[in-house]
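Right, one structure below, let's go through it.
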Amino acid sequence: MQALEDDDDLDFENSDGDDDTGDTETDSNGSSDEFLREMSEKDEKIKSLVDMGFSEDEANMAITRCGDVDLWELVDSISASRITKDSHSRNLSDHQITDRCFDSFGGRKKARLMEESKKKRNRYGGRAQGNQPSLDGSHDEPMPLPNPMVGFNLPGYLQPSVTRILPKQDTGPPFFYYENVAQAPKGVWATISRFLYDIQPEFVDSKHLCATARKRGYIHNLPIENRSPLLPMPPKTIFEAFPHYKKWWPSWDLRTQLNCLRTNVASAKLTERIGRALASSDSPPARSVQKYVMNECRKGNLVWIGKNKVAPLEPEEMEYLLGFPKDHTRGLGITERYKSLGNTFQVDTVAYHLSVLKVMFPNGVNVLSLFTGIGGGEVALHRLGIHMKAVVSVEIRKANKRIFRGWWDQTQTGTLIEIDDVKSLTDDRIVSFVSRFGGFDLVIGGSPCNNLAGCNRYNRDGLEGEQSALFYHYFRILNAVKSAMARM
DNA sequence: CATAGCATGATGTCTCTA
DNA sequence: TAGAGACATCATGCTATG
């Protein structure tokens with residue numbers, strides 16, 4: 001849901017800020033000693049795992065079990081053994097555990113995956129979303145994006161009704177709902193899906209529900225029958241959403257919907273250049289000018305606000321398109337508003353998926369909200385008329401917390417507990433919350449997309465990237481909630 | 001120090017065509 | 001079937017300004 005920056009309002013609840021001054025100084029230039037190098041790599045991994053909330057013992061055991069493998073495989077292994085311990089809640093067989101570790105050595109599972117790979121490629125006609133920048137090449141399970149990107153079903157669409165049956169141990173409680181960008185680097189969704197109990201992602205482009213595109217993947221264990229959309233349904237075209245732009249919209253701009261709302265908007269210099277290019281050309285403009293203008297308009301989501309005059313959307317217009325109440329983000333600077341809005345849920349889309357909760361929880365829900373952002377999930381629940389008895393919200397950006405707290409105070413009567421950082425939400429604290437509230441009904445959140453998003457020029461390094469790796473905390477926390485609730 | 005403004009490609013998928 | 005082109009993308013880093 002949110003993009004997390006490391007230079008922004010970092011005030012951790014716990015004093016985990018001294019991690020970097022730890023005992024694992026890596027000597028990158030001097031040491032010719034292979035042994036020392038391996039040891040410091042091992043220390044690095046242990047440090048990262050401890051950082052994620054695992055114990056040092058667990059980290060050590062995992063490295064012993066699996067050898068020199070990627071970080072995520074170690075997390076996988078630890079979690080697998082944890083879950084085995086909770087065998088009364090979830091029966092993961094020894095066979096699966098060994099298979100996972102075996103896989104780490106590039107064993108028979110690799111061959112099996114390759115087989116499945118081929119089958120799926122054939123089944124989906126060769127269309128495959130790319131795969132992970134895999135270091136060992138063993139995780140290239142394809143995760144094709146559907147076309148059209150409409151998920152399991154959508155309101156008003158006549159399509160074959162998809163049914164799915166989840167294994168009993170995955171159906172909850174709690175229900176969980178995870179979100180991230182659909183067009184992630186290769187293999188990312190395959191990995192996310194594997195961690196989240198091999199549940200197939202539901203890919204939805206919000207352009208089928210509103211006037212702006214938003215291609216996202218959602219993994220959840222909610223029922224998919226008897227969903228209902230928020231009413232009134234939002235406008236699905238630009239002119240329906242903003243009729244006044246019709247006046248200046250040139251006939252050769254054929255757009256009927258907007259592209260994905262992002263965290264930045266086009267500069268005034270750029271819109272000026274476009275204006276000058278149009279002013280100095282014929283009417284209608286030459287083919288090449290049209291092409292230039294249209295390219296910039298599509299990239300920057302520009303709209304026509306005057307003769308030869310384009311501009312980016314206002315924050316208020318983005319709030320509207322995304323399903324938020326007017327002025328939801330008001331009070332922040334404009335840059336901060338764009339950043340917050342660019343990173344949030346499309347409320348109608350998420351609400352459609354969550355709508356099944358209404359009849360299941362007539363007395364309200366307890367929610368664990370990770371990466372809350374400006375509260376897209378909570379706004380969706382509220383608009384569905386689902387009461388929130390308690391929300392434990394984890395969000396690191398002060399600006400977002402301010403917005404969310406303001407909305408909560410004005411609209412809600414339940415309990416809100418705010419936590420700054422997923423890293424500080426330890427297993428112990430989770431046990432304590434579960435005991436206090438009698439368990440969570442919904443664990444919801446979209447983990448940072450910074451290192452997955454296509455428009456990141458610098459650090460698009462996948463699920464292991466600095467911010468996007470926080471996905472593993474979503475996974476850790478979800479499992480902690482599951483096992484704590486299983487012991488209730 | 002906080003904020004705003006600005007410029008900065010790569011990695012994919014899909015479509016069309018030779 | 002290969003290749004070229006069209007198209008989309010929850011952003012980061014630098015700089016100026018108070």
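The values are calculated or read from the model by the stated rules, or taken from the named source; none is laboratory data. Just so you know, these numbers come straight off a predicted model, no measurement behind them. Please note: Cβ atoms are built from the backbone with ideal geometry, for glycine as well, and neighbour counts cover all protein chains shown. Note: areas computed on protein heavy atoms with side chains; ligands, DNA, RNA excluded. Shrake-Rupley method; radii C 1.70, N 1.55, O 1.52, S 1.80 Å.
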Log entry, pairs with first residue in region A:365-387 being in the same structural domain as A:Y338 (by TED's automatic domain parsing), second being among the basic types (K, R) and assigned to a loop (DSSP other than H, G, I, E, B), beta carbons closer than 8 Å, six or more apart or on different chains, reads A:G373/A:R397
The lone condition A:R276 fails out of (1) away from DNA strand C (no atom under 15 Å from the Cβ); (2) charged (D, E, K, R); (3) closer than 24 Å to A:S206 by Cα; (4) without any contact (Cβ under 8 Å) to a residue 40 or more places away in the chain is (3)
Within region A:438-488, residues being away from DNA strand B (no atom under 16 Å from the Cβ), assigned to a loop (DSSP other than H, G, I, E, B), surrounded by fewer than 22 Cβ atoms within 10 Å (Cβ to Cβ) and of a type in the set (A, V, I, L, M, F, W, C) number 1
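Taking into account only those residues within region A:440-463 that are among the charged types (D, E, K, R) and near DNA strand C (Cβ under 9 Å from one of its atoms), which is nearest to the chain's Cα centre (by Cα)?
Step one: filter region A:440-463 for residues among the charged types (D, E, K, R), giving A:441, A:457, A:460-461.
Keeping just the survivors that are near DNA strand C (Cβ under 9 Å from one of its atoms) gives A:457, A:460.
Working: A:R457: 19, A:R460: 15 Å.
If we take residues in region A:440-463 being among the charged types (D, E, K, R) and near DNA strand C (Cβ under 9 Å from one of its atoms), then A:R460 is nearest to the chain's Cα centre (by Cα).
Looking at region A:394-414, can you tell me whether even one residue there is within 25 Å of A:Y197 (Cβ to Cβ), modelled with pLDDT of 95 or more, buried (at least 18 other Cβ atoms within 10 Å of the Cβ) and of a type outside the set (S, T, N, Q)? Steps first, please.
Taking region A:394-414 and keeping what is within 25 Å of A:Y197 (Cβ to Cβ), we get A:394.
Still in the list and also modelled with pLDDT of 95 or more: A:394.
Add one more test, that the residue is buried (at least 18 other Cβ atoms within 10 Å of the Cβ), and what stays is A:394.
Those left that are additionally of a type outside the set (S, T, N, Q): A:394.
Yes, region A:394-414 contains at least one residue that is within 25 Å of A:Y197 (Cβ to Cβ), modelled with pLDDT of 95 or more, buried (at least 18 other Cβ atoms within 10 Å of the Cβ) and of a type outside the set (S, T, N, Q).
Assess whether A:V434 counts as being of a type in the set (V, I, T) and within 16 Å of DNA strand C (Cβ to nearest atom). Walk me through it before giving the result.
Values: of a type in the set (V, I, T): yes; within 16 Å of DNA strand C (Cβ to nearest atom): no.
Judged against the criteria, A:V434 is not a match.
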Reported set for region A:319-335 where residues are outside any loop (DSSP other than H, G, I, E, B) and more than 12 Å from DNA strand C (Cβ to nearest atom) is A:E319, A:Y320, A:L321, A:R330, A:L332, A:I334
Those residues of region A:253-273 which are within 16 Å of DNA strand C (Cβ to nearest atom), of a type outside the set (K, R) and assigned to a helix (DSSP H, G or I) amount to A:A268, A:L270, A:T271
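Output the residues belonging to region A:167-199 that are among the β-branched types (V, I, T) and within 29 Å of A:N459 (Cα to Cα). Walk me through it before giving the result.
Initial filter on region A:167-199 (among the β-branched types (V, I, T)): A:171, A:181, A:188, A:191-192, A:199.
Once the filter is applied, which keeps residues that are among the β-branched types (V, I, T) and within 29 Å of A:N459 (Cα to Cα), region A:167-199 yields A:V181, A:V188, A:T191, A:I192, A:I199.
Yes/no matrix, rows are residues, columns are (1) of a type outside the set (D, E); (2) in contact with a Gly (Cβ under 8 Å, 6 or more places away or on another chain); (3) within 25 Å of A:G333 (Cα to Cα):
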residue	(1), (2), (3)
A:A351	yes, yes, no
A:P362	yes, no, no
A:G385	yes, no, no
A:A390	yes, yes, no
A:Q410	yes, no, yes
A:G438	yes, no, no
A:D441	no, no, no
Filtering region A:223-250 down to residues that are hydroxyl-bearing (S, T, Y) and within 16 Å of DNA strand C (Cβ to nearest atom) yields A:T237
When region A:201-211 is checked residue by residue, the ones that are open to solvent by less than 10 Å² (accessible area, probe 1.4 Å) and more than 18 Å from the chain's Cα centre (by Cα) are A:L209, A:C210, A:A211
